[in-house]
Amino acid sequence: MADDLRELIRTVPDFPKPGIRFRDVTTLLAHGDGLRRSVAGLAGLADGLDIDSVAGIEARGFIFGSALAVHLGLGFIPLRKPGKLPVATIGEDYDLEYGKARLELDPTLLKPGQRVLLVDDLLATGGTAVAGTRLLRRAGGVVNSAVFVIDLPELGGAGLLAEMEVAAQSIVGFDGH
């Protein structure tokens, strides 16, 4: 399955800056069977995990995370970009390869001890996933697992998550940046 899905993911050279090969999942999302198989693949990775809900990181993590939550019959917790929620939030600032960013969460969506599976489209350096994990934990969630459609293993994100005792799994891996 991974090879078939890999072929549906477009690589855009030199985006957002020279030397970066951007792995664009919009071509996968536009392919009905590819999207279905991606969600099934994420569900396979989540099989056997003891989780109460799924959290997805804006924006593509919303797509995969909410589809996975529906597939698993669980609720979905959105981790948002700043200023998008109409209620009081908590936030986590973090560094990206090419800038700074922030995630926010409505902390009332979590009960203390709620077991949450973190979902995003891509794991690279791990900055976004680490910020999402910290944010969910600050709100009382228990985060031990994260799943991704794509991993760029050379960038070390899975190792950073492992240091936080979060097991990261992905469907497709790409060499290089």
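Of all residues in the range 111-130, exactly one satisfies the criterion of being hydrophobic (A, V, I, L, M, F, W, C), open to solvent by 10 Å² or more (accessible area, probe 1.4 Å) and touching a residue at least 60 places away in the same chain (Cβ under 8 Å), namely LEU122.
So that you can scan it fast, the table gives a plain yes or no per residue for (1) open to solvent by 50 Å² or more (accessible area, probe 1.4 Å); (2) modelled with pLDDT of 95 or more; (3) in a helix (DSSP H, G or I):
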position: VAL12; (1), (2), (3): no, yes, no
position: PHE15; (1), (2), (3): yes, no, no
position: PRO18; (1), (2), (3): yes, no, no
position: ARG36; (1), (2), (3): yes, yes, yes
position: PRO78; (1), (2), (3): no, yes, no
position: VAL87; (1), (2), (3): yes, yes, no
position: GLU104; (1), (2), (3): no, yes, no
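Restricting to the range 18-65, count the residues that are without any contact (Cβ under 8 Å) to a residue 40 or more places away in the chain and not hydroxyl-bearing (Ser, Thr, Tyr). The number of residues fulfilling the criteria is 20. Is it the case, given these coordinates, that THR133 is without any contact (Cβ under 8 Å) to a residue 24 or more places away in the chain, crowded, with 17+ Cβ neighbours inside 10 Å and farther than 27 Å from THR27 by Cβ? For THR133, the condition - without any contact (Cβ under 8 Å) to a residue 24 or more places away in the chain, crowded, with 17+ Cβ neighbours inside 10 Å and farther than 27 Å from THR27 by Cβ - is not met. Checking the stated criteria, ASP93 turns out not to satisfy the condition of being more than 16 Å from LEU122 (Cβ to Cβ), assigned to a helix (DSSP H, G or I) and without any contact (Cβ under 8 Å) to a residue 60 or more places away in the chain.
The values are calculated or read from the model by the stated rules, or taken from the named source; none is laboratory data. Just so it is clear, the structure is predicted and the values come from calculations on it, not from any experiment. Note: ideal-geometry Cβ built from the backbone for every residue, glycine included; neighbour counts use all protein chains shown. Ligands, DNA and RNA are stripped out before the accessible areas are found, and what is left, the full protein with its side chains, is counted by its heavy atoms. Shrake-Rupley method; radii C 1.70, N 1.55, O 1.52, S 1.80 Å.
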